[in-house]
Amino acid sequence: MNQQHQFETSQRYLCFGLGAEEFAVPLLTVREVVAMPETTAMPFMPSYFVGIMNLRGMVISVVDLRSKMQIKPKADSENAVVIVEDGGLTVGVVVDSVNSVLNVTEKDFAPNLTDDAAPKGKQSFVTGVCRKEDRLILLLDIVKSLTGDDMSIISRSSGKKAA
Amino acid sequence: MDDFEKEIKQGFLEEATELLSGTEQCFLTLERDPSNKGEIEKLFRLAHNLKGSAKAVGFDELGAFTHELETFLLKFKNGTFELTAASVTVLLECNDHVNVMVAGLKENLEAKFDSTALIAKIQAYVPDASAAMVASTETPEAAPAAVEGPSAADIAAIEAAAHGGDVPAPVSNVVEMHPAPAAAAHTAPAEDKKPAAKGKPAAAPDEQIRVSLQRVEKLINYVGEMVILQTVLRAQPAVIENGFLRKTVHQLGKVTKEVQDLSMSLRMVPLKQTFQKMQRIVRDTSAALNKPVEIEIIGDHVEVDKTVLEQLGDPLVHLVRNAVDHGIENDQVKRVDAGKDPKGHIWLKAYHQSGFLVIEVKDDGGGLDAQKLRNKAIEKGIITASKVLSDKECHHLIFAPGFSTKTEVTEVSGRGVGMDVVRTNIESMQGEVEIHTELGKGTTFKVILPLTLAIIDGMIVRSDEDRFVIPISHVRESLRPPPGTVKSTKELGEILLLRGESLPLLRLSSLLGRKPKQPKNVDDMIAVVTSVGDRPFSVLVDDIIGQHEVVIKQLGDEIRGIRGFAGTAILGDGRPSLILELSELAKTRGVA
């Protein structure tokens with residue numbers, strides 16, 4: 001987790017809003033941002049799993065991290081989906097708004113907020129917290145957000161693939 | 001090792017695999033026709049090329065061995081040695097060794113190999129049967145089988161031949177593209193007739209390019225999207241009203257369809273290589289069992305989806321080996337008495353039939369004896385003595401796990417695993433195996449497979465607002481239940497009385513763990529009867545929307561583990577819908 005925010009030069013992140021809070025993912029993992037597509041619901045999935053969408057012929061899972069983190073969506077928001085490609089997975093994340101591309105350097109981090117201050121288990125996919133003037137931005141690990149306890153699907157699927 | 005070195009080494013290995021793909025066939029042709037100068041010239045050139053490139057990129061061991069092989073081949077080329085079955089066996093062994101080295105290097109560029117035994121053997125080789133035997137006893141670990149009968153090395157060779165093609169496949173995962181199907185129809189003998197090609201080694205690759213399967217799949221994805229966009233465009237009022245636009249869009253649709261067909265055909269590869277491997281299996285198995293058998297191959301130009309081909313190798317090996325071992329009679333006198341050629345014959349035939357690929361493995365052996373099979377199955381505890389079976393059902397007993405007619409386990413067969421593998425693999429590809437047999441005349445195994453695993457014929461059904469795809473091959477029939485045929489029970493749920501049958505009736509919405517939004521009367525719904533598994537059952541859907549060919553898309557890794565879904569398909573409006581595996585769904589819901 002530490003190497004995530006130990007870099008000499010600045011790293012670029014894409015910032016987006018979920019409800020009133022700001023989050024970011026590494027810009028290099030972002031494939032593209034698309035308008036909220038039509039999705040098909042997937043049975044047997046937790047409620048934050050919105051469904052599957054068609055991205056120019058590719059079928060991609062879409063998740064709503066707001067409902068996972070119990071963040072109230074903005075009423076007047078213009079939904080978009082950020083397509084993230086990381087660790088062999090391609091996943092769409094529903095966001096309220098796409099805000100900016102942010103240069104983050106080491107001095108922007110608030111390390112004391114990341115590991116110890118987090119309530120137990122709850123923010124396991126927040127890999128860092130960074131402060132830019134009066135903005136507080138949580139850095140997310142999307143793959144981790146999908147492999148949490150309530151979605152132990154990866155392990156099941158790898159078992160099936162090996163068979 | 002720097003990247004550049006790695007790259008040229010990997011490049012060489014790709015090239016080597018391509019060069020080696022035809023060598024086994026050359027050796028086997030030579031065995032049948034030792035005077036064929038063209039083949040030996042070809043092999044000599046190949047060995048020479050391989051030696052040169054291997055040394056150039058720094059694979060010294062491979063270079064050293066191919067150098068010895070080249071020297072060895074030169075003696076045959078000059079006529080110093082004569083080609084015999086025994087010498088072909090040694091040459092095939094060398095061929096296997098080169099293949100093993102190339103495959104090993106592919107996995108690990110630093111891999112080391114011990115070729116000393118084989119080098120010693122070819123250096124000491126004298127084309128005389130007794131001398132060959134001396135040579136083989138000197139190097140027992142790599143002894144040829146032809147003189148010693150069945151041995152472990154022999155089986156290893158068969159295994160190696162069977163898996164030789166499978167090892168590099170996952171590494172490269174590449175489809176061979178043929179500019180035209182006609183190019184694939186070129187068989188080895190046809191090329192021999194062109195001695196003019198002398199000195200121009202391996203001219204063929206110029207007309208082919210190697211493309212990664214991943215890129216082909218991407219292309220197919222985009223083309224699929226194009227088809228959908230074209231459909232959307234055609235439905236626009238502006239297009240319908242404007243004659244010129246309408247005509248153009250219509251043309252565009254035609255072209256799009258062509259492009260789609262073409263892109264799908266890129267996944268297709270000829271069966272040739274897999275079939276050639278079978279020749280080797282027959283040769284080695286028949287030598288190991290000391291039973292003369294000949295194989296005839298028909299239709300090796302037939303093309304099949306790359307994924308199907310990969311899964312087809314193992315079942316075919318088992319079927320062919322089974323035909324040599326069990327199909328053909330052990331007693332040659334018996335064959336002569338029955339008016340047959342003492343030499344066994346096996347036919348391997350491939351053809352397309354009504355949208356399916358059919359592969360037949362036919363032998364002219366003794367045929368299957370239903371009564372004997374039945375007795376054996378009772379003896380092995382696979383069925384009970386009281387069970388009534390038709391002849392056809394008896395024949396299918398050979399697919400049961402643990403079933404074997406052999407009393408003793410030999411290297412070639414007897415563990416009762418092979419045929420089970422055949423059935424499991426074929427069924428996992430949505431295919432089936434038919435057995436046609438006649439006592440005293442022979443047996444034909446008919447493997448029927450879909451041409452591709454990428455497209456299925458699907459029935460599109462609706463449950464509430466959602467649409468789902470059910471593979472047509474899983475649907476036996478669909479009907480609107482006539483009034484009074486659905487009985488409701490507390491214990492067993494709803495039961496559909498269909499002609500003589502009583503089938504469990506499940507609602508699709510509850511199978512998917514949902515509550516129907518607008519509960520409907522059974523009379524307004526449609527029951528789909530599935531034909532998968534031993535116990536048919538029926539599923540209630542709101543409506544059947546249609547029947548289409550759909551392209552299967554895999555679900556992402558994050559959700560692939562959910563059982564009951566074979567993947568997704570993008571329907572005409574561009575939205576993905578799930579492809580249902582009804583029996584699996586019913587199983588996971590604990591209702592069937």
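For residue B:59, indicate whether it is more than 21 Å from residue B:280 (Cβ to Cβ), of a type in the set (Phe, Trp, Tyr) and modelled with pLDDT of 80 or more. So residue B:59 passes the test. Here the condition is being of a type outside the set (Gly, Ala, Ser) and over 29 Å from residue B:450 (Cβ atoms); of B:516, B:576, it holds for B:516 alone.
Here B:457, B:466 are screened, and the one residue that is out of contact with any helix residue (DSSP H, G or I) (no Cβ under 6 Å at 6 or more places or on another chain) and acidic (Asp, Glu) is B:466. Flag: residue B:558 matches the condition of being within 14 Å of chain A (Cβ to nearest Cβ) and either farther than 30 Å from residue A:91 by Cβ or modelled with pLDDT under 80 (or both). Checked against the criteria, residue B:486 does not count as over 19 Å from residue A:43 (Cβ atoms) and within 14 Å of chain A (Cβ to nearest Cβ). Only a single item in (1) more than 7 Å from chain A (Cβ to nearest Cβ); (2) touching a Gly at 6+ places or on another chain (Cβ under 6 Å); (3) surrounded by 19 or more Cβ atoms within 10 Å (Cβ to Cβ); (4) modelled with pLDDT under 85 is not met by residue B:581, and it is number (4).
Whether any residue in segment B:19-38 is basic (Lys, Arg), at pLDDT below 80, within 29 Å of the chain's Cα centre (by Cα) and surrounded by fewer than 20 Cβ atoms within 10 Å (Cβ to Cβ) is what I want to check.
Yes, the conditions are met somewhere in segment B:19-38.
Give the residue, chosen from B:154, B:128, that is under 23 Å from residue B:34 (Cβ atoms) and at pLDDT below 50. The unique qualifying residue is B:154.
What residue, among those in segment B:221-256 that are under 28 Å from the mean Cα position of the chain (by Cα) and either at pLDDT below 85 or hydroxyl-bearing (Ser, Thr, Tyr) (or both), is surrounded by the most Cβ atoms within 10 Å (Cβ to Cβ)? The qualifying residue surrounded by the most Cβ atoms within 10 Å (Cβ to Cβ) is B:224. When the residues of segment A:56-69 are filtered to those that are facing chain B (nearest Cβ under 7 Å) and outside any loop (DSSP other than H, G, I, E, B), the one that is farthest from residue B:230 (Cα to Cα) is A:61. Against the list (1) of a type outside the set (Ser, Thr, Tyr); (2) within 14 Å of another protein chain (Cβ to nearest Cβ); (3) in a strand (DSSP E or B), the condition residue B:514 fails is (3). Selection of segment B:474-498 for residues being crowded, with 16+ Cβ neighbours inside 10 Å and not β-branched (Val, Ile, Thr) yields B:474, B:478, B:481, B:494, B:496, B:498. If the condition is being within 14 Å of chain B (Cβ to nearest Cβ) and either farther than 21 Å from residue A:136 by Cα or in contact with a Cys (Cβ under 9 Å, 6 or more places away or on another chain) (or both), then segment A:82-99 contributes A:83, A:84, A:85, A:86, A:87, A:88, A:89, A:90, A:91, A:92. Residue pairs whose Cβ atoms lie under 8 Å apart, separated by 6 or more positions or on different chains, with the first residue in segment B:390-408 and under 18 Å from residue B:437 (Cα atoms) and the second modelled with pLDDT of 80 or more and polar (S, T, N, Q), are B:394/B:371; B:395/B:437. The number of residues in segment B:511-544 that are crowded, with 17+ Cβ neighbours inside 10 Å and under 37 Å from the mean Cα position of the chain (by Cα) comes to 13.
For every residue, the table says whether it meets (1) part of a loop (DSSP other than H, G, I, E, B); (2) of a type in the set (Phe, Trp, Tyr); (3) within 14 Å of chain B (Cβ to nearest Cβ).
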| site | (1), (2), (3) |
| --- | --- |
| A:34 | no, no, yes |
| A:37 | yes, no, yes |
| A:45 | yes, no, yes |
| A:50 | no, no, yes |
| A:54 | no, no, yes |
| A:71 | yes, no, no |
| A:74 | yes, no, no |
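Selection of segment A:37-50 for residues being closer than 15 Å to residue A:83 by Cβ and within 16 Å of the chain's Cα centre (by Cα) yields only A:50.
Just one of the listed residues (B:92, B:109, B:118, B:83) is within 35 Å of the chain's Cα centre (by Cα), modelled with pLDDT of 80 or more and not in a helix (DSSP H, G or I), and it is B:109. Does residue B:286 satisfy the condition of being assigned to a helix (DSSP H, G or I) and over 29 Å from residue B:428 (Cβ atoms)? The answer is yes for residue B:286.
Among the listed residues B:315, B:401, B:342, identify the single one that is of a type outside the set (Val, Ile, Thr), more than 29 Å from residue B:449 (Cα to Cα) and in contact with a helix residue (DSSP H, G or I) (Cβ under 7 Å, 6 or more places away or on another chain). Answer to the check: B:342.
The values are calculated or read from the model by the stated rules, or taken from the named source; none is laboratory data. No experiment lies behind these values; they were computed from the predicted model shown. Neighbour counts run over all protein chains shown; Cβ positions are idealised from the backbone, glycine included.
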